[in-house]
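These notes are about the structure you will find just below.
Bear in mind these aren't lab numbers, they're just calculated from the coordinates by the rules spelled out. Note that this is a predicted model, so its numbers are computed, not measured. Quick reminder, even Gly has a Cβ in these numbers, built from the backbone with ideal geometry, and neighbours come from all protein chains shown.
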Amino acid sequence: MSNNKFFGAHVSAEGGVQNAPLNAMQIGAKAFALFTKNQKRWDAKPFETKTLDEWFANLEKSGILPKHILPHDSYLINLGHPEEDKLLKSREAFIDEMKRCETLKLDRLNFHPGSHLQKFSKKDPNLDELTYSAEIECLETIAESINRALDATKGIIAVIENTAGQGSNLGYTFEHLAYIIDKVEDKSRIGVCIDTCHMFTSGYDIRTREAYDKTWNAFDKIVGREFLKGMHINDSKPPLGAKVDRHESLGLGHIGIDAFSFIANDERMDDIPLILETPNESLWADEIRKLYSLVK
C-alpha cells in the first residue's frame, strides 16, 4: 500500500461532524470529505463544545490528518451570482463556512465556483469562449468573492472544484480555473479540486495513457500542478464532452478503470485528499481497496 496516496469518500456527518471520522474509519479511508453543516440550508448553529471535543477525539482516533480532509460548502452558495442581494448572501455564507473550517482546525474548503444564470451581458458567438462578457463578469465576481473571504479568515485554502459545464456553471475549462486563480491576491490560499467525472464530461479525456498525459500536461501548463489540493474520484454515466454531471461507480461508467490506475500511480496526486463521490455508498470500502490495489 502506498504511503503517498490518501483515498477516501465524502462521508455522512449526520448527527454531527464528530461522526464523520468514525464513518471514514469504517470504510478503510485515509482521507474524507464532509459537509460541516446542512448543505441545503443557509444558516447553521455554531458548534457546541461537546461536538468539538468529540470531533477532535475521533479525528485523533482515525489517524487522518487535516490536510487529507476536504470539507465541501453548501450547494446554495453562488459566488458569481449576478444579483447583488443574493451575491451578498452567498459571500456571507461562504465566509461562515470558512470560519467553521477554522474552528475544526481544517486547512481547506472545497466549493463550486459559481454560475452567471444567463443574467449578465449577452454572449457574442463570434468571440472565443473566455471573452464572452457573461463569463468574464462572472469569473471576476467569483474572484472578488474569494478575495473577500480570504481577507475575513485565516489559514483556510479556498479550493475551486472544476465543473461539468452544465447550465451556466463556470469552471469547466482549465482556462476558467486559471482566470480565477490569477485574480486571487493570496496565491498561497487558493487551490483546485479536480473531479474526474466533471473533467471527462466537460471534454477532457483521461481514458488512455496518451489522453491522460495530454490532459494533465495541459492542466500543469494552464493552471499549475502546485494548485492541485484535492480530487474527486468518480466514473461517469454520460459520455465524453456531454456537459452533464452524473457520477458512476468506478469501472462501471464511460471513463473505465485504467484512468484510476493512472491516478493511483501519478505523483501529482501524492499527499492530497482523493475522495470518492460515487453513487453506491455500499461499494465505497471495496472501491477504496481497489484504488490501493492499483498502486504499483
*asked:* Antiparallel versus total DSSP beta bridges in the stretch 6-293: what percent is that, nearest 5?
replied: 15
_Quick check on the exposure proxy: order K99, K183, K5 from fewest to most C-beta atoms within 10 angstrom._
K183, K99, K5
*Determine, for W55, W284, the number of other Cβ atoms within 10 Å of each Cβ, and report the residues in order from fewest to most.*
W55, W284
*Residue exposure sequence - D182, D85, D258 - by fewest surrounding Cβ within 10 Å*: D85, D182, D258
*Integer Hz, Karplus 6.51/-1.76/1.60 couplings in order for the stretch 23-34, x for Gly and Pro*: 5, 5, 4, 5, 9, x, 7, 10, 8, 7, 10, 7
_Among 33-39, 14-20, how do they line up by average Cβ neighbours within 10 Å per residue, starting with the highest?_
33-39, 14-20
*asked:* Running a GNM on the chain with Cα contacts under 10 Å, which residue among E60, E185, E102 ends up with the highest mean-square fluctuation?
replied: E60
*Using the beta-carbon distance between R225 and E48 and R0 = 45 Å, what value does 1/(1 + (r/R0)^6) give for FRET efficiency, to the nearest 0.05?*
0.70
*Let me know the charge dipole size of the chain about its Cα centre in debye, to the nearest 20, where only the beta-carbon of Lys, Arg (+1) and Asp, Glu (-1) is charged.*
480
_Most positive-pole-ward Cα, F227, C101, Y75, against dipole of the chain from beta carbon charges_ = C101
*Report the one residue of Q18, I194, F47 whose Cα lies farthest in the direction of the positive end of the charge dipole of the chain (charges on C-beta: Lys and Arg +1, Asp and Glu -1; origin at the Cα centre).*
Q18
*Mind giving me the nanometre distance, one decimal, between the label points for E144 and K183, set 7 Å out from Cα along Cα→Cβ?*
0.8
_Paramagnetic label zone (point 7 Å from Cα along Cα-to-C-beta, D286; backbone N under 11 Å) in the stretch 233-256_ = 250
_Please list, ordered by chain and number, the residues whose modelled amide H lies under 5 Å from the amide H of F35; skip anything fewer than 5 residues away on the same chain._
A13, H72
